[in-house]
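The values are calculated or read from the model by the stated rules, or taken from the named source; none is laboratory data. In this text, all values refer to a predicted model and were calculated from it rather than measured experimentally. Cβ atoms come from the backbone with ideal geometry, glycine included; neighbour counts cover every protein chain shown.
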Amino acid sequence: MTTITSPRSTPVAATGSSAGWGSLLVLLTGVFITTLDFFIVNVAIPVTQRELNASPSAIQFIVAGFGIALASGLVLGGRLGDLYGRRRLFSIGLAVFTLASAACGEAPSAGFLVGARVVQGAGAALLMPQVLAIINTLYTGAHRTKAFNAYGMALGFGGVFGQLIGGALIRADIAGLGWRSIFLINVPVGAVTLLLTRRLIPESRATGARLDLTGAALVCLGLVAIVYPLVQGQQQGWPAWTWLCLAAAVALLAAFALHQRRTAAPLIDPALFRHRSFSAGVVVSLIYSMTTGSFFLVLALYLQEGRGLDALGSGLIFLPLGLGYFVSSALSGRIAARLGRQVVTVGALVVALGYAALAETASALDTGRPVAWIIPGLLVAGAGMGLIMAPLPAIVLAGTDPRHAAAASGVLSTAQQAGGAIGVALVGMVFYGALGAPTPAHYPHAFALGLALLVGLAAAVVALVQVLPRTAR
């Protein structure tokens, strides 16, 4: 296969606009199954909890453990691809993810499943950063634009329709596997994709890249020190070690920031944060990301445990959310062209309105009204998500020096994944704290309180968007 060597700051096309779309299909399959796996697990949580006798903290770690591993490894994974070859790291990450999926599908206990999910996240962290870099070398001009649009669609489909796909797999009960099929389906897909990778994807790397293992260790430990006590503290009555962990997280992340300023080869170039659009935008992205995975988790629990829906019925309820998302995301470009940064403000306000409507409706549904009454709130929330998720990356990265484009994208992705993991921990803490005895009658109240926290986070996004430069479009 052809090997491409290009400087980190100036990607060079491998085969120009003539690159085959089969290569893109292979790359997007890897992105799709890893994105899908973060969201698909939500719809399987209730039955998994019953079969494995999992505690509330274990349930949160099944979701958040994947996110922590992915968030802490994304930037390092990108650097490894620059050093040792992007196709090679894509293949290694896909192989690790596929083997970990098999382990998840065979998990004999909740603890084993949590560990396998962490390994899945580590595999995804090696795989995902390579995709954009490879697209950048394979395609040029209009072909590159189409490839990036296809990449965004793969992420959107994986996130929004993960619950429906999961519900359909569980209902199908292939070979009596039940919830395990949502993980085991990755094995044949991953194996075929792995076989096609060497045939269709050329190798590429960047010159001058170096590793910062100390920085990677500090940011990983810092994220764990935040999420672990938030998940375990509620169940254990907030012992002293939880507060010590949170204090250690502050120290670890401060040490990471100091190390990045002093090292000759930083994992994250501090120069990136001199631009207000980027530094404030990363915070906006992190806080907004705290609302997405956590919302999908508590909604799935409310629908199945509180309203008695099965996995497929719960997945179908997510369809209005997906409809609102795709309609608004299709219009978001034109709206952003007129409103600039304020398109995110509008999106956050619409999301908050949708969540508030859901909280009000869910609280009233114990009077006997059908669950379909929550559909308007889901449509509104989905529309708000589309107005944020589509334009936000472009707004955040607008002022970034092209030389730092790859690093900036990695930092943004890390913030999004870290926000997802932290959000699951925070909202899970509120949800399970309000749930008390897990009877159907208690779920509407717990769901409404979880949504109240999400409304507060959406309001924080509205406030922080005002810090972005006025010209951000």
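For region 139-164, enumerate the residues that are part of a helix (DSSP H, G or I) and over 23 Å from the mean Cα position of the chain (by Cα).
Gly141, Ala142, His143, Arg144
Just name the residue that is surrounded by the fewest Cβ atoms within 10 Å (Cβ to Cβ) out of those in region 43-98 that are among the basic types (Lys, Arg), under 24 Å from Leu213 (Cβ atoms) and out of contact with any Asp or Glu (no Cβ under 6 Å at 6 or more places or on another chain).
So, considering only residues that are among the basic types (Lys, Arg), under 24 Å from Leu213 (Cβ atoms) and out of contact with any Asp or Glu (no Cβ under 6 Å at 6 or more places or on another chain), the one surrounded by the fewest Cβ atoms within 10 Å (Cβ to Cβ) is Arg88.
I'd like the residue in region 291-306 that is under 11 Å from Ala446 (Cα atoms) and of a type outside the set (A, V, I, L, M) and, out of all such residues, is modelled with the lowest pLDDT.
Applying the filter and picking the extreme gives Gly306.
Which one of the conditions (1) modelled with pLDDT under 90; (2) surrounded by fewer than 21 Cβ atoms within 10 Å (Cβ to Cβ); (3) farther than 29 Å from Tyr325 by Cα does Ile165 fail to meet, given that it meets all the rest?
Failing condition for Ile165: (3).
Could you please let me know if Gln260 is under 30 Å from Ser409 (Cβ atoms), outside the structural domain of Met385 (by TED's automatic domain parsing) and crowded, with 18+ Cβ neighbours inside 10 Å? Step through it out loud before you land on a result.
Values: under 30 Å from Ser409 (Cβ atoms): yes; outside the structural domain of Met385 (by TED's automatic domain parsing): yes; crowded, with 18+ Cβ neighbours inside 10 Å: yes.
When the stated conditions are applied, Gln260 passes them.
Here are some residues: Ala459, Ala437. Which one is modelled with pLDDT under 90, out of contact with any Leu (no Cβ under 8 Å at 6 or more places or on another chain) and either hydrophobic (A, V, I, L, M, F, W, C) or assigned to a helix (DSSP H, G or I) (or both)?
Ala437
Any residue in region 316-337 that is in a helix (DSSP H, G or I), of a type in the set (Lys, Arg) and either farther than 18 Å from Ala390 by Cβ or outside the structural domain of Leu177 (by TED's automatic domain parsing) (or both)?
Checked against the condition, which is being in a helix (DSSP H, G or I), of a type in the set (Lys, Arg) and either farther than 18 Å from Ala390 by Cβ or outside the structural domain of Leu177 (by TED's automatic domain parsing) (or both), region 316-337 yields at least one hit.
Going by what's in this entry, would Arg274 be described as basic (Lys, Arg) and either in contact with a Lys or Arg (Cβ under 6 Å, 6 or more places away or on another chain) or free of Cβ contacts under 8 Å to residues at least 24 places away in the same chain (or both)?
So Arg274 passes the test.
Can you name every residue in region 194-212 that is farther than 17 Å from Pro129 by Cα and modelled with pLDDT of 85 or more? Even if it seems obvious, please write down each step before you answer.
Looking only at region 194-212, we keep the residues that are farther than 17 Å from Pro129 by Cα, and these are 195-196, 198-200, 208.
Matches in region 194-212: Leu195, Leu196, Arg198, Arg199, Leu200.
When the residues of region 195-220 are narrowed to those that are surrounded by 17 or more Cβ atoms within 10 Å (Cβ to Cβ) and out of contact with any Lys or Arg (no Cβ under 9 Å at 6 or more places or on another chain), which ends up farthest from Leu80 (Cα to Cα)?
So, considering only residues that are surrounded by 17 or more Cβ atoms within 10 Å (Cβ to Cβ) and out of contact with any Lys or Arg (no Cβ under 9 Å at 6 or more places or on another chain), the one farthest from Leu80 (Cα to Cα) is Leu200.
Scan Leu453, Leu468 and give me the residue that is crowded, with 24+ Cβ neighbours inside 10 Å and touching a residue at least 12 places away in the same chain (Cβ under 8 Å).
Values: Leu453 fails: crowded, with 24+ Cβ neighbours inside 10 Å.
After ruling out the rest, the residue left standing is Leu468.
Conditions first: (1) touching a residue at least 40 places away in the same chain (Cβ under 8 Å); (2) within 17 Å of Leu76 (Cα to Cα); (3) assigned to a helix (DSSP H, G or I); (4) not hydrophobic (A, V, I, L, M, F, W, C). Arg205 passes all but one, so which condition is the exception?
That leaves (3) as the condition not met.
Would you point out the residue of region 349-373, among those that are modelled with pLDDT of 90 or more and touching a Ser or Thr at 6+ places or on another chain (Cβ under 9 Å), that is surrounded by the fewest Cβ atoms within 10 Å (Cβ to Cβ)?
Val350
So in region 221-244, with the set limited to residues that are of a type in the set (Phe, Trp, Tyr) and at pLDDT below 85, which one is surrounded by the most Cβ atoms within 10 Å (Cβ to Cβ)?
Top of the filtered list is Tyr228.
Of the numbered conditions (1) at pLDDT below 85; (2) over 19 Å from Gly293 (Cα atoms); (3) in a helix (DSSP H, G or I), Asn42 satisfies every one except a single condition; which is it?
Result: Asn42 fails condition (2) only.
Can you confirm whether region 430-438 contains a residue that is farther than 16 Å from Leu358 by Cβ and either among the hydrophobic types (A, V, I, L, M, F, W, C) or outside the structural domain of Leu299 (by TED's automatic domain parsing) (or both)?
The answer is yes, given that some residue of region 430-438 is farther than 16 Å from Leu358 by Cβ and either among the hydrophobic types (A, V, I, L, M, F, W, C) or outside the structural domain of Leu299 (by TED's automatic domain parsing) (or both).
Going through Ala300, Ala265 one at a time, which residue ends up being under 30 Å from Thr214 (Cβ atoms), more than 16 Å from the chain's Cα centre (by Cα) and not acidic (Asp, Glu)?
Ala265 is the lone residue from the list that is under 30 Å from Thr214 (Cβ atoms), more than 16 Å from the chain's Cα centre (by Cα) and not acidic (Asp, Glu).
Output the residues belonging to region 172-186 that are buried (at least 16 other Cβ atoms within 10 Å of the Cβ) and not hydroxyl-bearing (Ser, Thr, Tyr).
Those that are buried (at least 16 other Cβ atoms within 10 Å of the Cβ) and not hydroxyl-bearing (Ser, Thr, Tyr): Leu177, Gly178, Trp179, Arg180, Ile182, Phe183, Leu184, Ile185, Asn186.
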